[in-house]
1. Among the listed residues 75, 83, 90, identify the single one that is within 30 Å of residue 123 (Cβ to Cβ) and within 41 Å of the chain's Cα centre (by Cα).
2. Search region 106-131 for residues being closer than 13 Å to residue 312 by Cβ and not in a loop (DSSP other than H, G, I, E, B), and hand back the single one that is most open to solvent (accessible area, probe 1.4 Å).
3. I need a count of the residues in region 266-298 that are touching a Pro at 6+ places or on another chain (Cβ under 8 Å) and not basic (Lys, Arg).
4. Could you grab the pairs with beta carbons closer than 6 Å, sequence gap of 6+ or different chains, first residue in region 94-105 and under 8 Å from residue 130 (Cβ atoms), second one at pLDDT 90 or above and among the aromatic types (Phe, Trp, Tyr)?
5. From 198, 194, 189, 151, which residue is under 17 Å from the mean Cα position of the chain (by Cα) and surrounded by fewer than 21 Cβ atoms within 10 Å (Cβ to Cβ)?
6. Given the conditions (1) open to solvent by less than 60 Å² (accessible area, probe 1.4 Å); (2) modelled with pLDDT of 90 or more; (3) of a type outside the set (A, V, I, L, M), report the number of the one that residue 101 does not fulfil.
7. Given the residues 307, 319, which is the only one that is modelled with pLDDT of 90 or more and of a type outside the set (Lys, Arg)?
8. Hey, can you tell me all the residues within region 16-33 that are at pLDDT below 95 and open to solvent by 50 Å² or more (accessible area, probe 1.4 Å)?
Amino acid sequence: MTVSNTSKRRQPSLAQLRAFSAVAEHLHFRDAAAAIGMSQPALSGAVAALEETLGVTLLERTTRKVLLSPAGERLAVRAKAVLDEVVALLEEAEAVRAPFTGALRLGVIPTVAPYLLPTVLRLVHDKYPDLDLQVHEEQTANLLDGLTTGRLDLLLLAVPLGVPGVVELPLFDEDFVLVTPLDHPLGGRSGIPREALRELNLLLLDEGHCLRDQALDICREAGRGLKGAGRSPSVEGGGGRRGGVPVTTTAAGLSTLVQLVAGGLGVTLLPRTAVRVETTRSDQLLTGYFTEPAPTRRIALAMRTGAARRAEYQELAAALREALRPLPVRVLGGGDRPAPSGH
């Protein structure tokens, strides 16, 4: 292994940097020594040792005052930056030792964020006031990449994920409902059989949304024939023929999707948590309910296997389950679950 010349050099100590930074700020040895609680001889010795270590003259000493040399002017900025980072490191370590403090970078999928974040934010505000919650709304693939690379700490999304190294903390299951225009024969009905999906003009979200994949899976379970392999957009509706022919009408979000339904372009599936928010925006919609067992999705928190804050995330999941009970969901018990090997 090759060792660089830089790594062979003597390293300045924090005490030396602190002494030099104090002198650079006060331009007076006695005042600098008093500011950092060090004797004046010790301060002078620390600065001299730093000059020897770095091989440069940092100060110009006269009988009346102390001046920074050109090198001292440049290196004083660096020394202060190093000391500031050390302070930040110590503060971060203190935050880590104290649970539910410091930053928590939470990733949330778009089909969950508008409906669950009010509950999440209220819980954090009331129960964990010292937690710096930072929310990132992204699609599942980007969230998982952020989790595995360390950009994000915790995810709130639909599972199962099928990603090694990720542990799921299940929160709840929720049913899907059928949202239709006013004049649709299934509008407002209860006990709708899943088989009805075989003939419906179903509108879907764009590629990349996990809710789109879930809708396609529900259609497959209902026996709807899909053209092509994989997750083909062959059950979309609006503007094209059914029977496995891809069409052009999709939406980037549930709000747009519901407005397309209100405009008579087709029907769609909504998770129960989204119904109150999305369907009250138009008086041209009806909500239908499937016969039991209704198609469902599962929402969970997800963290890295071996996460340093694992106990905090487990406690947060338990608190969140209780906070979510007023919503139209079936809250699940606790317990970590490794992500299954397949979707």
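1. Numbers: 75 fails: within 30 Å of residue 123 (Cβ to Cβ); 83 fails: within 30 Å of residue 123 (Cβ to Cβ).
Being within 30 Å of residue 123 (Cβ to Cβ) and within 41 Å of the chain's Cα centre (by Cα) holds for just one of 75, 83, 90, which is 90.
2. Taking region 106-131 first, the residues closer than 13 Å to residue 312 by Cβ are 106, 124, 127-128, 130-131.
From what's left, not in a loop (DSSP other than H, G, I, E, B): 106, 124, 127, 131.
Working: 106: 8, 124: 12, 127: 113, 131: 16 Å².
Out of the qualifying residues, it is 127.
3. Of region 266-298, the ones touching a Pro at 6+ places or on another chain (Cβ under 8 Å) are 267, 269, 272-275, 277, 284-286, 290-291, 297-298.
This time we only want the ones that are not basic (Lys, Arg), so: 267, 269, 273-275, 277, 284-286, 290-291.
Within region 266-298, residues that are touching a Pro at 6+ places or on another chain (Cβ under 8 Å) and not basic (Lys, Arg) number 11.
4. Listed pairs, sorted by first residue: 100/128.
5. After applying the criteria, what remains is 151.
6. Going through (1) open to solvent by less than 60 Å² (accessible area, probe 1.4 Å); (2) modelled with pLDDT of 90 or more; (3) of a type outside the set (A, V, I, L, M) one by one, residue 101 breaks only (2).
7. Numbers: 307 fails: modelled with pLDDT of 90 or more.
Matching residue, one of 307, 319: 319.
8. 25, 26, 27, 28, 30, 31, listed by residue number.
The values are calculated or read from the model by the stated rules, or taken from the named source; none is laboratory data. Keep in mind that this is a model prediction, so the values were computed, not measured. In this analysis, Cβ positions are derived from the backbone assuming ideal geometry, glycine residues included, and neighbour counts consider all displayed protein chains. For accessibility, only protein heavy atoms count, side chains too; no ligands or nucleic acids. Shrake-Rupley method; radii C 1.70, N 1.55, O 1.52, S 1.80 Å.
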